[in-house]
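The values are calculated or read from the model by the stated rules, or taken from the named source; none is laboratory data. Being a predicted model, the structure only gives us computed values, none of them experimental. Glycine gets a Cβ as well: all are built from the backbone with ideal geometry, and neighbour counts include every protein chain shown.
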Amino acid sequence: IPVEPFDLVVFGGTGDLARRKILPGLYRRFLGGQMPPESRIIGAARSEMTEDEFRAMARAAIAEFVSADKRDAAMIDQFISLISYVAIDAKGDGGWATLKGMMRKGVVRAFYFSVAPALFGALAERLHDHNIADAKSRIVVEKPFGRDLDTARALNATLAKHFREEQIYRIDHYLGKETVQNLMAVRFANILFEPIWKAQYIDHVQITVAETVGVEGRGAYYDTSGAMRDMVQNHLMQLLCLIAMEPPYHFDPNAVRDEKLKVIRALDPVEHQDIVRGQYLAGGGQKSYVDHSENPASKTESYIAMKVHVSNWRWKGTPFYLRTGKRLRARTSEIAITFKEPPHSIFDDAEGWRENVLVIRLQPNEGMNLMVMIKEPGPGGMRLTQVPLDMSFAEALGEDGADIPDAYERLIMDVIRGNQTLFMRGDEVEAAWAWADPIIQAWERKGDKPRGYEPGTSGPEDALMLLHRDGRRWREIR
Ligand code: BG6
């Protein structure tokens, strides 16, 4: 279903995110018939560049980041004709009058802040002062949204001077991933899971986001961030919220976000002994983390594993184990929910018994897998064995399943539709920082050093202990 025609201004239009995600994503939505041809995309950045030069850059981005089967020459030409460019001085006056002149009446106006957070305030102010944004306009802000509670609060306050909360779309691209949204469908559109979705029946939950890439050219940024700020405070926290939240009364932006917020507020402080930080070493012809960061004494973590407790009636006693890291054995993200033993076994084959595990695979090969016990076939008596009820979206849904839109594509269309369900509200971000801050501050106070780990493994050995201690084990990363 096409969205309303829009004018989308991409600040930071020449940047990496615009080239990799925003422009290619918009092209795919155009190809899919969702972006109406009456829409326009206006790149805005510091560089003095002609419209033709910017269009050439967009064309190159599509050639590089859109798969060959989706590159239709006529459609690309048509898409490129919707693009224009304005050189803008975020902190001065240059270009703003021109931008104002480019805005049309009667279409949705959206402004994507794909720039350093230090510029968010200046952009919001100028959009307002130059009367470029109207009451229906939307702004989209990228992470990092602050680096602690104080900076996030200041940022929220700055944006709030010129925009209402209903106009602010804070991106966490994990919420745009198909399977992440499916989590809500699985939980709340089936009767099957919800009755047992609680500490009484769930032994523990593992959330894993493993990457094979290192920090490469992003070393300078990463050294100011680390895995805790870059991944846990946002992406893993959002996944945890979707698993742990109470059913919202409706699939409505504020109803969903209210429930997520309650989960974040229910998180216990994390004890020092329940966290393992790691940093990848050199290996396999690849550089180490400190080589990438260019600070030989860097204490920044590229890996983190932790045990988290959600202190409420539903979850008391069920730990959530989170881990994420770079340069690990495989690129795999999944949520695994391990259920408890049946209260009483009627079978003698205790050895054959395994726990039920529901695995929700985010990437690759999005899908779900439920491990169930059955009888081992054959005449050998009542012996038990475990088998997977495995579903891959691509297989189950045929072409529709194979054509899953990228998180950014979906989220940008949601901005135009005015649907904030998959965006973080200001209070949610602040609550997540309020939880993360004391953890980070404790490391800084202690001068905590991450453990080195070999690239291509599943992280530091100590992370294994985190679960062994509790009589559990991590699922394999593969
Ligand atoms: C980004 C982080 O938000 O998410 C990166 O800044 C990380 O460090 C990336 O690599 C992971 O996203 P995805 O979609 O590839 O899992």
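Values computed for the structure shown
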read-out: Whichever residue in region 87-142 is of a type in the set (Lys, Arg) and within 27 Å of Met413 (Cβ to Cβ) and, among such residues, is surrounded by the fewest Cβ atoms within 10 Å (Cβ to Cβ); value: Lys105
read-out: Residue ID - modelled with the highest pLDDT, chosen from residues in region 331-364 that are in a loop (DSSP other than H, G, I, E, B) and within 14 Å of the ligand (Cβ to nearest atom); value: Arg331
read-out: Among (1) at pLDDT below 95; (2) under 30 Å from the mean Cα position of the chain (by Cα); (3) among the charged types (D, E, K, R); (4) over 27 Å from Ser225 (Cβ atoms) - the single one Arg55 does not satisfy; value: (1)
read-out: Yes/no for Lys260 being out of contact with any strand residue (DSSP E or B) (no Cβ under 8 Å at 6 or more places or on another chain) and in contact (Cβ under 8 Å) with a residue 24 or more places away in the chain; value: yes
read-out: Extreme residue, farthest from Asp7 (Cα to Cα), among residues of region 401-429 that are away from the ligand (no atom under 16 Å from the Cβ) and under 17 Å from the mean Cα position of the chain (by Cα); value: Glu428
read-out: Helices (runs of 4 or more DSSP H) enclosed by region 194-285 - at least 1 residues per element that are within 16 Å of the ligand (Cβ to nearest atom); value: 219-223, 237-244
read-out: Members of region 152-187 found to be in contact with a Pro (Cβ under 8 Å, 6 or more places away or on another chain), in contact (Cβ under 8 Å) with a residue 60 or more places away in the chain and more than 16 Å from the ligand (Cβ to nearest atom), listed by number; value: Arg187
read-out: Subset of region 365-383 [surrounded by 11 or more Cβ atoms within 10 Å (Cβ to Cβ), without any contact (Cβ under 8 Å) to a residue 60 or more places away in the chain and away from the ligand (no atom under 16 Å from the Cβ)]; value: Asn369, Leu370, Met371, Val372, Met373, Lys375, Glu376, Met382, Arg383
read-out: Wholly within region 389-433, helices (runs of 4 or more DSSP H) carrying at least 1 residues that are surrounded by 22 or more Cβ atoms within 10 Å (Cβ to Cβ) and at pLDDT 95 or above; value: 407-417
